[in-house]
Amino acid sequence: MSDGQFFYRNYKDIKHVYTIVLFENSPASFHDFPDTYLHYFEQASNTGLKISLLQKYVFVPLDIFREINQNIDGTVNISNRLEAWLAFMCMDEPETIITIIEKYPDFKAIYEHIYNICLNIEEVMSMFSEELRELDRNTAQLMIDEMQEELAQKYSLPKDEAQKYMALYWQNPLDGK
């Protein structure tokens, strides 16, 4: 066995795989359980056969988490690291951030990183705009390639001939009608 490869002698040696689904605004069915913000699911057999399958699911309605952990006075109950992570993902009030950082100081670096990203929003938007420009170029090229292919098939032309006609058309598109 080469370095970096995994070999399992037995199915039970393979670890579970968790799919975690976060809902910012959860579907109505979750609101039938207003005191629960962690819902665990597993696959089941239609025959009742019991096999421990690897895939597990956790659904987290963050809106219900907020309702449960938000006190009337606006403070938040954070009693463990999981709740700190959930609050981190769905709450941005300064009091909540302070509560999280006081209980779990390692979150400070994460909040600072996000703050720095927000400060450099112009740079982030610039990167996003560049990606959109590239996407537009690729889309335009794809459309040209498809039109050349269509022209070549329609008039039984070799591809290089279709490219010449396309070049002439794009030089003066109104004459092509």
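What follows is calculated from the coordinates using simple rules that are stated; it is not laboratory data. Only a predicted model underlies this, so the values are computations on that prediction, with no experimental measurement involved. Cβ coordinates were reconstructed from backbone atoms using ideal geometry, including for glycine residues, and neighbour counts include every protein chain displayed.
Taking the range 42-177, how much of its Cα-Cα pair set, in percent, is spaced more than 27 angstrom apart? Before the final figure, lay out the partial values.
Working: 5626 of 9180 pairs.
Of all Cα-Cα distances in the range 42-177, 61 percent exceed 27 Å.
By average Cβ neighbour count within 10 Å, what is the ranking of 133-146, 41-54, 84-97 from highest down?
Values: 133-146: 10.5, 41-54: 8.9, 84-97: 16.4.
My ranking of the peptides, most packed first, is 84-97, 133-146, 41-54.
Restricting to DSSP H runs of at least four residues, report the calculated mean residue ellipticity at 222 nm for the chain, -39500 (n - 2.57) per run over all residues, nearest 500 deg cm²/dmol. Walk me through the intermediate numbers first.
Working: 6 runs with 88 residues, N = 177.
About -16000 deg cm²/dmol.
Size of the dipole of the range 1-69 about the Cα centre, Lys and Arg at +1 and Asp and Glu at -1 on the beta carbon, nothing else charged, in debye to 20?
In total the dipole reaches around 440 debye.
Evaluate the charge dipole of the chain about its Cα centre and quote only its size in Debye, nearest 20, assuming +1 on the Cβ of each Lys and Arg and -1 on the Cβ of each Asp and Glu.
On the way: 15 positive and 29 negative charges, 190 e Å.
So the dipole magnitude of the chain works out to roughly 920 debye.
With r as the distance between the Cβ atoms of Asn25 and Glu134 and R0 = 41 Å, compute the FRET efficiency 1/(1 + (r/R0)^6) and round to 0.05.
Between Glu134 and Asn25 the formula returns 0.80.
Which aspartates and glutamates, if any, have their Cα less than 19 Å from the Cα of Lys108, not counting same-chain residues under 8 positions apart?
The qualifying aspartates and glutamates are Glu83, Asp92, Glu93, Glu95.
Given H placed 1.01 Å from N in the peptide plane, which residues other than close sequence neighbours of Phe23 have an amide H under 5 Å from its amide H?
Residues meeting the criterion, in which the H sits 1.01 Å from N, are Val60, Leu62.
How high is the relative contact order of the chain? Use alpha-carbon pairs under 8 Å, at least six apart in sequence, and give a whole percent. Could the numbers behind the result be given before it?
On the way: 127 pairs, mean separation 24.3, N = 177.
Once normalised by length, the contact order is 14 percent.
Label Asp63 and Ile14 with points 7 Å out from Cα along Cα→Cβ: what is the distance between them in nm?
Between Asp63 and Ile14, the simple spin-label model gives 3.7 nm.
List Val21, Val76 from most exposed to least, where exposure is judged by having the fewest other Cβ atoms within 10 Å.
On the way: Val21 12, Val76 19.
Ascending Cβ contact count within 10 Å gives the list Val21, Val76.
Run through every distinct alpha carbon pair of the range 1-69 and return the Kirkwood hydrodynamic radius in angstroms, one decimal place.
Details: mean 1/r = 0.0675 Å⁻¹.
After inverting the mean inverse Cα-Cα distance, the result is 14.8 Å.
Would you mind telling me which residue in Ile101, Ile20, Ile64 has the biggest mean-square fluctuation in a Gaussian network model of the chain, where springs connect alpha carbons within a distance under 10 angstrom?
Between Ile101, Ile20, Ile64, it is Ile20 that shows the largest mean-square fluctuation.
How much FRET efficiency would the formula 1/(1 + (r/R0)^6) give for Glu123 and Met143, where r is the Cβ-Cβ distance and R0 is 30 Å, rounded to 0.05? Please report the intermediate quantities before stating the final value.
Numbers: r = 31 Å, r/R0 = 1.03.
Working from the Cβ atoms, E equals 0.45.
Enumerate the lysines that Lys15 could reach by cross-link, defined here as Cα to Cα under 19 Å, with residues fewer than 8 away along the same chain left out.
Within the straight-line cut-off, Lys15 pairs with Lys50, Lys56.
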